[in-house]
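The values are calculated or read from the model by the stated rules, or taken from the named source; none is laboratory data. None of the values given here were measured: they were computed from a predicted structure. Please note: Cβ atoms are built from the backbone with ideal geometry, for glycine as well, and neighbour counts cover all protein chains shown.
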């Protein structure tokens, strides 16, 4: 899509900070609804549903598990006496609402990552970080890459060993261990050889010697600056909310009441996020070869 990568990262961190620091359900719900709206500006509803399949499954687990492990709260919904080991089992309304709030927060965090991925590409983010943290970025990229490569190598080596008569499904446990030991030994040797080859490739390209060259130059366009201003407005709102404790909410022992200040504060956050929606339409990112 094309914002400056630094602006997008800053914007995403601020929105994530709202979701991680605040626990007020009204504020969380308002932010999540705006994130849905922002994502729908860039994707169709069907595409968004496909990306959120895993998130919905995780949300369901959060809602179900929290009432089962936490019995805090005064409003009892279900109570079962004489349960073995735990003596008494109960589900409270407060623990159920707390689990639902945590699930919505998780959904919001997922939407932030989807939004960032829609507005930027992995190459742009990688290039941005490599400009300032080149060694750390390269190490992380190589680590992620080698996990995938080792998986492919393991499948390939295992197929070769099976054709040579190695039985990975032997009846005896000792025979299976011998087969796995041989597989791990070959994978280790292959990984070490790959590390040497990558080190030689980096040395041949004169990595970390002298000034680095870049294929693209990130330009600060007017709309990127506007999104940066919106991000600073969110920082101001976050600071005000922390100072006046608008984001605090108590679920135990009873659910707190929703104040008018929290509703007004939610409107300010939603309005600021709405300002960023019209910035996310169109292509306004410029790159030049140097």
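Computed quantities for the displayed model
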item	result
Condition met for residue 49 (without any contact (Cβ under 8 Å) to a residue 40 or more places away in the chain and surrounded by fewer than 18 Cβ atoms within 10 Å (Cβ to Cβ))	yes
Pairs with Cβ under 9 Å, 6+ apart, first in segment 198-221 and within 18 Å of residue 128 (Cβ to Cβ), second part of a loop (DSSP other than H, G, I, E, B) and modelled with pLDDT of 70 or more	218/4; 219/4; 220/4; 221/3; 221/4
Complete set of residues in segment 270-284 that are at pLDDT 65 or above and not in a helix (DSSP H, G or I)	276, 277
Out of 219, 135, 209, sole residue that is under 30 Å from residue 4 (Cβ atoms), surrounded by fewer than 10 Cβ atoms within 10 Å (Cβ to Cβ) and modelled with pLDDT under 80	209
Residue match in segment 224-246 (condition: in contact with a helix residue (DSSP H, G or I) (Cβ under 8 Å, 6 or more places away or on another chain) and part of a loop (DSSP other than H, G, I, E, B))	yes
Unique match (being modelled with pLDDT under 85 and either outside the structural domain of residue 151 (by TED's automatic domain parsing) or in a helix (DSSP H, G or I) (or both)) among 178, 185, 289	289
Residue ID - modelled with the highest pLDDT, chosen from residues in segment 65-104 that are in a helix (DSSP H, G or I) and more than 18 Å from residue 25 (Cβ to Cβ)	65
Which listed residue, of 77, 140, is within 25 Å of residue 254 (Cα to Cα) and loosely packed, with under 15 Cβ neighbours inside 10 Å	77
